[in-house]
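Values in this text are rule-based calculations from the coordinates and carry no lab data. Small disclaimer: the values here were computed from a predicted structure and weren't measured. Cβ atoms come from the backbone with ideal geometry, glycine included; neighbour counts cover every protein chain shown.
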Amino acid sequence: MNRPRTTVAAWVGVTLGGCRPQATVVTGPIAPEACKQVHIVATNTASLQPFLGCHEIASLTARTGAAIDFGVLTNLETVHGDVRIGPSVAINEIALPALQVIHGALRVAGNTAVTGVFASRLQQVGTMEFANNAALATISLPKLQSVAGDFVVQRNSDLSTVLAPSLQRVKGRVGLLSCRSLEMLEFSKQFSAGEIEMAGLPRLDWTMVPGAPPQPPQGAAPTPPNDPAF
């Protein structure tokens, strides 16, 4: 006798009273009042369906071999923890159209097919890292204003464009490292950072970054970045 298949929508960890989060299979819509405690581990686009009504969640993680369309999260405005995408092999684009605040980290790393990251309403982030994304060409964050910690973009060989024209303050370190195709970068004219480190950017005019260190002469050997994984 054939048994009916159960569609696994996602795994959700809910922390109550300081207890350790427990994984639960979710196959139906999450009540809006419960969303704030939800830790989503996305496996495909269908796994996001129970959370379409959520305006806030605890965290979002995706490590998968399947494609995911994050754009279905049209109501998601706040993430109280981290957004971590990767490693992945079939995600082509990361678009979070309503997201405004990430209190934790935004980390996009180890994705082989992602060509663009787009968050048109994102204004505040705890920390940001884009690393080791083989096909990433564009990062577009037009309303991003502040990063509470570090903002690191490193080892993205196809990355040509980083647009954050409203970004005024990174309290920690800005690291722009080993992105040999990067030629367009836009921050606010009032931009400032706690520290700026740049290396391995042969196509970029470093004067695009207010407060950047002096650009090495053409043909000069690049200074190895302060990165233990370099």
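Structural remarks
- Cβ-to-Cβ counts within 10 Å put C54, C35 in ascending order as C35, C54, the fewest first.
- Shape descriptor for the stretch 10-203: Rg over Rh equals 0.98 (Cα atoms; Rh from the Kirkwood inverse mean 1/r).
- With both labels modelled 7 Å from their Cα along Cα-to-Cβ, the Q190 to Q145 distance reads 0.9 nm.
- The stretch between A90 and Q215 holds 41.3 nm of extra length on full extension. This uses 0.36 nm per residue minus the Cα-Cα distance.
- Relative intensity, log₁₀ I(q)/I(0), of the stretch 41-83 from a Debye sum that treats every alpha carbon as a point, q = 0.13, 0.16, 0.23 Å⁻¹: -0.24, -0.37, -0.76
- Cross-link reach is defined here as a Cα-Cα straight distance under 24 Å, omitting same-chain residues fewer than 8 places apart; for K189 the lysines meeting it are K143, K171.
- Residues D150, D69, sorted so that the one with the fewest Cβ neighbours within 10 Å comes first: D69, D150
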